[in-house]
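Student: Below are the structure tokens for one structure; questions will follow.
The values are calculated or read from the model by the stated rules, or taken from the named source; none is laboratory data. Fair warning: this is a prediction, and the values are worked out from it, not measured in the lab. Neighbour counts are summed over all protein chains in view; Cβ atoms, including those assigned to glycine, are modelled from backbone coordinates with ideal geometry. To get the accessible areas, we keep the full protein, side chains included, count just its heavy atoms, and leave off ligands, DNA and RNA. Shrake-Rupley method; radii C 1.70, N 1.55, O 1.52, S 1.80 Å.
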Amino acid sequence: MTLKLRCEDYGFECDFVLEGAKNQSLLEQLRNHFEEEHGIDYTTEAITQMIMNRGHSLESIRKE
Ligand SMILES: [Zn+2]
């Protein structure tokens, strides 16, 4: 199961898109992007919450 994450969906004017298996490492990649490109150091929990708010269940993200 794959997940597509668009940076612009999280409030940035940015064309960065991540697509991959729905797991913790995809979250970490998005977190690193926010930190490196936008200078915002979100916690993994905050990122998880943001993705959940877009309709993805926590279980499906955390399951390896
Ligand atoms: Zn971005």
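Student: Anything in segment 27-58 that is free of Cβ contacts under 8 Å to residues at least 24 places away in the same chain and aliphatic (A, V, I, L, M)? List them, or say none.
Tutor: I40, A46, I47, M52, L58
Student: Also: List every residue pair whose Cβ atoms lie under 8 Å apart, where the two residues are 6 or more positions apart in sequence or sit on different chains, the first residue falls within segment 1-19 and is open to solvent by 30 Å² or more (accessible area, probe 1.4 Å), and the second residue, located anywhere, is hydroxyl-bearing (S, T, Y) and more than 8 Å from the ligand (Cβ to nearest atom).
Tutor: Once the first residue is open to solvent by 30 Å² or more (accessible area, probe 1.4 Å) and sits in segment 1-19, its partners that are hydroxyl-bearing (S, T, Y) and more than 8 Å from the ligand (Cβ to nearest atom) give M1/S60; E19/T2.
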